[in-house]
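Structure, as structure tokens:
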Amino acid sequence: MKRHLISAADLTRDDAVLILDTAEEMARVADRPIKKLPALRGRTVVNLFFEDSTRTRISFEAAEKRLSADVINFAAKGSSVSKGESLKDTAQTLEAMGVDAVVIRHGASGAPYRLATSGWIDAAVVNAGDGTHQHPTQSLLDAFTLRRRLVGRDAGLGRDLAGRRVTIVGDILHSRVARSNVDLLHTLGAEVTLVAPPTLLPVGVGNWPCEVSYDLDAALPKSDAVMMLRVQRERMNAAFFPTEREYARRYGLDGDRMAKMPEHAIVMHPGPMVRGMEITAEVADSARCTAVEQVAGGVHTRMAVLYLLLGGNEPAVSHARTEETK
Amino acid sequence: MTMSETGKTLIRGAKVLGGEVRDVLIDGETVVEVGTGIEAGGATVVEAAGRILLPGLVDLHTHLREPGREDSETVLTGTRAAASGGYTAVFAMANTFPVADTAGVVEQVWRLGREHGYCDVRPIGAVTVGLEGRKLAELGAMHDSAAAVTVFSDDGKCVDDAVIMRRALEYVKAFGGVVAQHAQEPRLTEGAQMNEGVVSAELGLGGWPAVAEESIIARDVLLAEHVGSRVHICHLSTAGSVEIVRWAKSRGIDVTAEVTPHHLLLTDELVRTYDPVYKVNPPLRTERDVTALREALADGTIDIVATDHAPHPHEDKDCEWAAAAMGMVGLETALSVVQHTMVDTGLLTWEGVADRMSFAPARIGRAEGHGRPVSSGEPANLTLLDPAYRGTVDPAGFASRSRNTPYGGRELPGRVTHTFLRGRATLMDGKLA
């Protein structure tokens with residue numbers, strides 16, 4: 001494993017399988033009466049959130065606490081610029097307080113990469129979503145759920161997603177979840193198809209390791225999993241599609257469409273769902289929808305990532321800055 | 001600097017425009033003799049064997065930042081950077097604070113350039129009041145001022161209103177002016193962060209599509225044809241723009257175009273580092289665009305190289321990509337990049353370089369006394385460079401106040417050793433005088 005987790009594209013197949021296997025171990029801990037491991041005792045992790053995201057922040061916080069890390073939550077409303085303090089100064093301030101890892105959510109694509117590579121700080125950096133770039137832990141938790149459902153909880157250990165067909169539907173253009181999933185699922189051997197109106201696909205998508213289609217009905221029978229992405233209503237104001245109703249008719253998943261999927265196929269959603277837009281209540285509440293399971297898997301997966309990045313099975317190493325002053 | 005008792009300088013044994021080896025004698029402000037075996041007499045001698053002598057370079061696109069952003073550059077530091085890079089005249093863009101949209105502001109900038117004496121400063125006037133694109137600035141007053149403005153541009157912003165652009169093109173005909181367009185369709189580039197294509201799709205950065213540049217150029221060459229005006233296109237960056245300008249020229253439309261050194265060398269692949277030193281407007285494009293731009297500069301479709309020297313303080317680049325300012329400094333590396341991309345590749349001779357970096361920009365901007373042949377009786381605006389030099393770009397050594405260069409640590413060929421502004425050395429043995 002590398003020191004940082006910035007992009008799902010940085011993970012090898014073996015890295016990813018190791019994270020998923022470790023996440024299954026973490027899941028077993030969650031089944032115990034005492035859900036806590038001492039692995040990161042004495043380590044400090046800061047959740048540095050420049051964008052509001054209660055769901056992701058809570059998921060990371062739960063993961064960190066179950067590993068016994070000391071957790072600092074830092075919510076920097078708005079961008080570093082509007083706030084007056086630069087990302088560099090904020091990060092250095094936190095590191096001066098002795099932080100071992102920074103979990104960062106930022107509205108600017110590339111901000112976690114800058115943090116990890118600019119020499120500003122020494123701490124490990126985990127990308128919790130940056131702009132419209134990447135959200136690697138989301139793709140890992142999606143892969144975790146996919147492997148459990150399509151390969152099996154125990155049968156899946158040590159295995160990837162070779163040959164599984166995953167269709168991702170919705171606002172691909174603005175989605176870091178889609179980018180991360182295309183990278184990771186491809187690395188794990190799955191066949192990915194993106195479905196969206198042409199306006200919501202980026203120019204250049206032709207170079208991605210996946211198929212692209214404008215026709216949801218054609219893709220459904222050939223899918224082992226269908227991942228519905230949230231579509232923001234405001235997008236129609238920028239002429240990405242005419243109306244909410246037209247979007248729902250052409251690209252929304254309802255009961256009739258779900259019936260076209262193979263019987264074993266699942267419906268996934270990273271949340272938050274916009275019911276009536278990309279997904280109907282009937283589908284969202286059906287047994288085939290794994291949205292809630294994905295949330296649970298998120299905690300296990302993030303525990304695995306932090307455990308592996310921070311070398312949780314080794315004694316706590318002293319901070320790099322401290323070593324320099326010796 | 002050391003002046004001879006006689007006020008004369010003899011440049012001995014330089015290849016004039018990369019051709020014949022000649023001695024060039026300067027007396028006062030003028031070249032008085034070009035020949036072989038010229039006696040030094042009491043002149044200061046510059047031994048120039050192996051070096052190339054060019055007419056002083058002229059930059060039609062420089063941001064000097066004064067007034068208003070003296071933390072990034074001043075007329076003094078910017079013209080020192082220009083002299084270091086071999087320039088004897090620069091055209092200073094209008095997007096200062098206050099905007100150079102009145103005779104007062106352009107005269108102030110012009111006067112500062114004269115006082116400092118490193119390089120002639122020709123202010124560019126804004127086309128519209130406050131660069132807002134609504135109301136024509138007093139173009140005539142700026143032309144009639146001491147600064148004698150001939151080039152008008154809202155650079156940094158596009159004159160996107162077709163009627164305003166048409167009127168500006170027509171109006172400046174009365175005094176031989178030219179409008180230099182920053183071609184960027186604003187609606188197509190809302191939130192744009194980099195070239196729209198394969199790399200932007202992966203990086204999740206807002207796309208700046210080539211069509212946003214090309215559609216404006218297409219419109220403006222047709223407007224220029226319709227009203228019989230000349231138009232200049234700033235920093236052309238795409239293969240498609242090249243085709244449009246080539247078509248327009250074949251039709252007889254009076255259009256000229258510039259390319260920056262960075263668009264001749266760098267591509268959007270560099271944005272993968274998310275290092276804002278590569279953030280620039282128009283953005284770095286693809287390899288295919290770079291190739292087309294080089295060919296167009298070689299065949300004359302693109303008339304000139306202009307730096308778009310855009311200084312920014314360190315804090316405006318030491319941040320996340322989206323928050324960073326757009327622009328790169330370029331005056332001190334332009335000639336090296338042109339040697340690397342155009343001369344060393346065999347696309348352009350040194351004579352061609354003299355045309356694209358001195359004769360043609362002086363002609364487009366009507367910069368009198370600049371862009372003249374190296375011959376007897378001409379003003380002694382000259383640049384001497386050592387093409388055999390190989391060195392690594394060290395931003396710490398820049399004369400510019402800013403360090404936002406994309407070439408730091410990169411090896412580039414060639415070095416300007418001397419720059420003469422009307423016979424006076426502004427740069428001597430690589431050191432500013």
Legend entry - Flag if A:Asp89 is under 30 Å from A:His186 (Cα atoms) and either more than 14 Å from chain B (Cβ to nearest Cβ) or in a helix (DSSP H, G or I) (or both): no
Legend entry - Selection status of A:Glu263, exposed (fewer than 14 other Cβ atoms within 10 Å of the Cβ), without any contact (Cβ under 8 Å) to a residue 60 or more places away in the chain, among the acidic types (Asp, Glu) and assigned to a helix (DSSP H, G or I): no
Legend entry - Residue satisfying condition, being small (Gly, Ala, Ser), crowded, with 20+ Cβ neighbours inside 10 Å and either farther than 21 Å from B:Leu412 by Cβ or at pLDDT 95 or above (or both), within set B:Ala100, B:Ala40: B:Ala100
Legend entry - Only one of B:Ala192, B:Ala180, B:Ala146 that is more than 14 Å from chain A (Cβ to nearest Cβ) and part of a loop (DSSP other than H, G, I, E, B): B:Ala146
Legend entry - Hits in region B:263-311 (condition: within 14 Å of chain A (Cβ to nearest Cβ) and buried (at least 23 other Cβ atoms within 10 Å of the Cβ)): B:Asp268, B:Val271, B:Tyr274, B:Pro276, B:Tyr278, B:Lys279, B:Pro283, B:Arg285
Legend entry - region B:154-177, residues that are over 17 Å from B:Ser241 (Cβ atoms) and not in a helix (DSSP H, G or I): B:Asp154, B:Gly156, B:Lys157, B:Asp161, B:Gly176, B:Gly177
Legend entry - Only one of A:Thr44, A:Thr54 that is free of Cβ contacts under 8 Å to residues at least 12 places away in the same chain and either among the polar types (S, T, N, Q) or outside the structural domain of A:Glu85 (by TED's automatic domain parsing) (or both): A:Thr54
Inset, instruction - Report, by residue number, each residue of region B:17-30 that is surrounded by 21 or more Cβ atoms within 10 Å (Cβ to Cβ), within 18 Å of B:Ala425 (Cα to Cα) and either among the hydroxyl-bearing types (Ser, Thr, Tyr) or touching a residue at least 40 places away in the same chain (Cβ under 8 Å) (or both). - result: B:Val24, B:Ile26
Legend entry - Set A:Gly119, A:Gly152: member being free of Cβ contacts under 8 Å to residues at least 12 places away in the same chain and away from every other protein chain (no Cβ under 14 Å): A:Gly152
Legend entry - Residue satisfying condition, being closer than 23 Å to B:Ala380 by Cβ and touching a helix residue (DSSP H, G or I) at 6+ places or on another chain (Cβ under 7 Å), within set B:Leu76, B:Leu53, B:Leu64: B:Leu76
Inset, instruction - Among the residues of region A:1-57, write down those that are β-branched (Val, Ile, Thr), crowded, with 22+ Cβ neighbours inside 10 Å and farther than 15 Å from A:Leu309 by Cα. - result: A:Thr56
Inset, instruction - Please list, ordered by first then second residue, the pairs with beta carbon atoms under 6 Å, 6 or more apart or interchain, first in region B:100-126 and among the hydroxyl-bearing types (Ser, Thr, Tyr), second part of a helix (DSSP H, G or I). - result: B:Tyr118/B:Thr79; B:Tyr118/B:Arg80; B:Tyr118/B:Ala83
Inset, instruction - Please verify whether region A:179-199 includes one or more residues that are part of a strand (DSSP E or B) and within 14 Å of chain B (Cβ to nearest Cβ). - result: yes
Inset, instruction - Look through region B:328-345, keep the residues that are crowded, with 23+ Cβ neighbours inside 10 Å and in a loop (DSSP other than H, G, I, E, B), and return whichever of them is nearest to the other protein chains (Cβ to nearest Cβ). - result: B:Val329
Legend entry - Qualifying position, being within 14 Å of chain A (Cβ to nearest Cβ) and either of a type in the set (D, E, K, R) or within 26 Å of the chain's Cα centre (by Cα) (or both), among B:Glu225, B:Glu214, B:Glu202: B:Glu202
Legend entry - Condition broken by A:Arg114, with the remaining ones in (1) buried (at least 21 other Cβ atoms within 10 Å of the Cβ); (2) away from chain B (no Cβ under 12 Å); (3) among the basic types (Lys, Arg); (4) out of contact with any Ser or Thr (no Cβ under 8 Å at 6 or more places or on another chain) satisfied: (2)
Legend entry - Criterion (within 14 Å of chain B (Cβ to nearest Cβ) and not in a helix (DSSP H, G or I)) met by exactly one of A:Asp171, A:Asp160: A:Asp171
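The values are calculated or read from the model by the stated rules, or taken from the named source; none is laboratory data. Given the structure is predicted, the values throughout are model-derived calculations rather than measurements. Quick reminder, even Gly has a Cβ in these numbers, built from the backbone with ideal geometry, and neighbours come from all protein chains shown.
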